[in-house]
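Chemist: Below is one structure. I have some questions about it.
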Amino acid sequence: MANYKYAIEFAILIFPLIAFLMTLPYMIVQYFKYGSIPFLRTLIVYSFVLYLITAYFMVILPLPSIDYVLQLNTPWVQLIPFRFIGDLIMESKFVISDFSTYLVALKQPVFYVNIFNIILTVPFGVYLRYYFKRKWWEVLIFTFLLSLFFEITQFTGLYGIYPRPYRLFDIDDLILNSAGGVLGYLLTPLFLFLFPSKEKVDEIAYERGKKVSFSRRCVAYLIDCFVYNFFVVIIVLVFNVKFSIELYSLFFLLYFLINVLLFDRKTIGKKIVKIMIVNQDGSRAKIYQVFARYILRYIIYFKIYDIINWSRKIQESNEIISLMSVFLCLFVFLIYLKTFFDILTKKEQYVYEVLSKTKNISIINYKNNL
């Protein structure tokens, strides 16, 4: 039992790293499909990932030393179905008619190890039925495949890391794990009253997705940054071109301007998370408005720093320019302060959008998805 506790603790320690690595892809998928990320859906998905990590570590941990494995002479495989029943009767001295043997049997490894093999995949069956809407026979097949993956992991000595298996490939484990998945499927209705149906979760997600959240805009921007930098790296490697900071930021602006022309008021990032730029009254935005939007953003959040740096260099010889530099610094501070409060108060439009009379809207087709 100490080994199981160790596996659970290790899974909890490693989970934050796995969660961090999957967060952006997860957000992209959710925004593409639903336009939002409801807390309950995230809790279900991430708990499912934690469960799978925990189950895997329970199968492989603790890891022995290679020298210890080299000295093993235990069997590699056990291919006799239902052998665990005979072992349970023989080793635990369990007698059906004698109630005094029941408690003794429960304390024997041959009993609780087999019970654990059933319990291990019960959550898998629950997740498959509740969230993934699988039928019982699909749950049986998927649980069998999961169990087979575990057994192959053991049989191959952790995919060749060890010179031989350090745990037994047991066909009874396949049977018990598969039974656990089906048991989880049967027990799922007992938990349904605690959670809304998946259809209800989807409905909530679509309803929230009608508004374009700040995080959704951030994901779109991160995608565009990745795409732009990918092309920059290709250009640098192929043509051996060097970009100055000024040229890099200018081409970043051109990237957005070209995108909104090619993709009808959308960038690649916005297209993926289903966002479109429109007029502030919701009508189709003019192309000059969209251009003004990105040029203003470029000047306010990028180019204005160059102006401030330039004014600082010559401010000693020109008092007017020195005063302008002070006002520009104050202007930048106020702009960022305004943006910060706009984000906190969940405003639809930021400064450059108000000036260009544009905003973002969600373009997910809710009727077809519901």
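Each value in this text was obtained by applying a stated rule to the coordinates, not by laboratory testing. What you see is a predicted model; the values in this text were computed from it and never measured. A quick note on method: Cβ atoms are made from the backbone with ideal geometry, for glycine too, and the neighbour counts reach across all protein chains shown.
Chemist: For segment 136-172 and segment 213-274, write down the distance between their C-alpha centroids in whole Å.
Modeler: What the calculation gives is 44 Å, centre to centre.
Chemist: In the set (1) 5, 24, 32, 23, 13, 4, 0, 0; (2) 5, 21, 28, 23, 15, 7, 1, 0; (3) 4, 16, 21, 17, 15, 13, 8, 5, 1, 0, 0, which value of P(r) over Cα pairs in 10 Å bins from 0, in percent was calculated from the structure you see?
Modeler: So the structure-derived entry is (3).
Chemist: Also: Would you calculate, for the chain, the mean residue ellipticity at 222 nm contributed by helices, counting each DSSP H stretch of 4 or more residues as -39,500 (n - 2.57) and dividing by all residues, to the nearest 500? Present the calculation step by step, with values, prior to reporting the outcome.
Modeler: On the way: 20 runs with 260 residues, N = 370.
Theoretical 222 nm ellipticity from helices: -22500 deg cm²/dmol.
Chemist: Normalised by the number of residues in segment 124-200, what is the relative contact order in percent for Cα pairs under 8 Å and 6+ residues apart? It would help to have the intermediate numbers written out before the result.
Modeler: On the way: 76 pairs, mean separation 32.8, N = 77.
For segment 124-200, the relative contact order is 43 percent.
Chemist: Can you list the aspartates and glutamates whose alpha carbon sits under 14 Å from that of LYS303, skipping same-chain ones fewer than 8 residues off?
Modeler: GLU246
Chemist: Only helices at least 30 Å long along their own axis, judged from Cα atoms, and with Kyte-Doolittle mean hydropathy of -1.0 or greater: name those in the chain from DSSP H. Before the final figure, lay out each step's value.
Modeler: Values: long enough: 2-33 (43 Å, 1.15); 39-60 (32 Å, 1.95); 214-239 (37 Å, 1.83); 319-344 (38 Å, 2.04).
Counting only whole DSSP H runs, the qualifying helices are 2-33, 39-60, 214-239, 319-344.
Chemist: Here is a further query. Would you mind working out the magnitude of the charge dipole of segment 208-297 relative to its Cα centre, with +1 at each Lys and Arg C-beta and -1 at each Asp and Glu C-beta, to the nearest 20 Debye? Show your work: numbers first, answer last.
Modeler: Numbers: 15 positive and 4 negative charges, 117 e Å.
The calculation lands at about 560 debye.
Chemist: Write down the percent of antiparallel bridges among all DSSP beta bridges whose residues are both part of the chain, to the nearest 5.
Modeler: Numbers: 6 of 8 bridges.
Bridges in the chain that DSSP calls antiparallel: roughly 75 percent.
Chemist: List the relative contact order of segment 2-204 as a percent without decimals, with contacts defined as Cα pairs under 8 Å and 6+ residues apart.
Modeler: Working: 209 pairs, mean separation 51.4, N = 203.
Averaging sequence separation for qualifying contacts and normalising by length gives 25 percent for segment 2-204.
Chemist: Quick one: putting +1 on the C-beta of Lys and Arg, -1 on the C-beta of Asp and Glu, what dipole do you get for segment 2-204 around its Cα centre, in Debye to the nearest 20? Each step should come with its number before you reach the end.
Modeler: Details: 14 positive and 13 negative charges, 89 e Å.
For segment 2-204, the charge dipole is close to 420 debye.
Chemist: Still on this structure: Under the definition of Cα pairs under 8 Å and six or more residues apart, what whole-number percent is the relative contact order of the chain? Don't skip to the answer; put the middle values down first.
Modeler: Working: 393 pairs, mean separation 68.4, N = 370.
Taking the mean separation of contacting Cα pairs over the length of the chain, I get 18 percent.
Chemist: Which entries of LYS270/LYS338; LYS133/LYS346; LYS200/LYS338; LYS271/LYS338; LYS271/LYS357 have Cα-Cα distances beyond 30 Å here? Mind dumping the intermediate values first?
Modeler: Values: LYS270/LYS338 24 Å; LYS133/LYS346 35 Å; LYS200/LYS338 37 Å; LYS271/LYS338 27 Å; LYS271/LYS357 21 Å.
Distance filter (> 30 Å) returns LYS133/LYS346; LYS200/LYS338.
Chemist: Projecting each Cα onto the charge dipole of the chain (Lys/Arg +1, Asp/Glu -1 at the beta carbon, about the Cα centre), which of ASN365, ILE235, ILE272 comes out farthest on the positive side?
Modeler: ASN365
Chemist: Taking K and R as +1 and D and E as -1, what net charge do the other residues with C-beta under 14 Å from the C-beta of PHE150 add up to? Numbers along the way, then the final one.
Modeler: Working: positive: ARG167; negative: GLU151, ASP170, ASP172, ASP173.
Counting the neighbours of PHE150, the net charge comes to -3.
Chemist: Less than 17 Å apart at the alpha-carbon level, and either on another chain or at least 8 residues along: which lysines does that give for LYS274?
Modeler: LYS33, LYS210, LYS211, LYS266, LYS359, LYS367
Chemist: If you keep only loop residues by DSSP, which chymotrypsin sites (Phe, Trp or Tyr not before Pro) in segment 44-84 have at most 16 other Cβ atoms within 10 Å of their Cβ?
Modeler: Qualifying residues, ordered by number: TRP76, PHE82.
Chemist: Give the residue from ILE85, GLN349, ILE204 lying farthest towards the positive end of the charge dipole for the chain; charges sit on Cβ (+1 for Lys and Arg, -1 for Asp and Glu) and the dipole is referred to the Cα centre.
Modeler: Working it through, the farthest residue towards the positive pole turns out to be GLN349.
Chemist: With 10 angstrom as the radius, rank VAL354, VAL290, VAL241 by how many other C-beta atoms surround their C-beta, starting from the fewest. Spell out each step's value before the answer.
Modeler: Details: VAL354 16, VAL290 23, VAL241 10.
Result, fewest neighbours first: VAL241, VAL354, VAL290.
Chemist: Further, regarding this structure: If you place +1 on the Cβ of every Lys and Arg and -1 on the Cβ of every Asp and Glu, how big does the dipole about the Cα centre of the chain come out, in debye to the nearest 20? Could the numbers behind the result be given before it?
Modeler: Numbers: 38 positive and 24 negative charges, 345 e Å.
Value, rounded to 20: 1660 debye.
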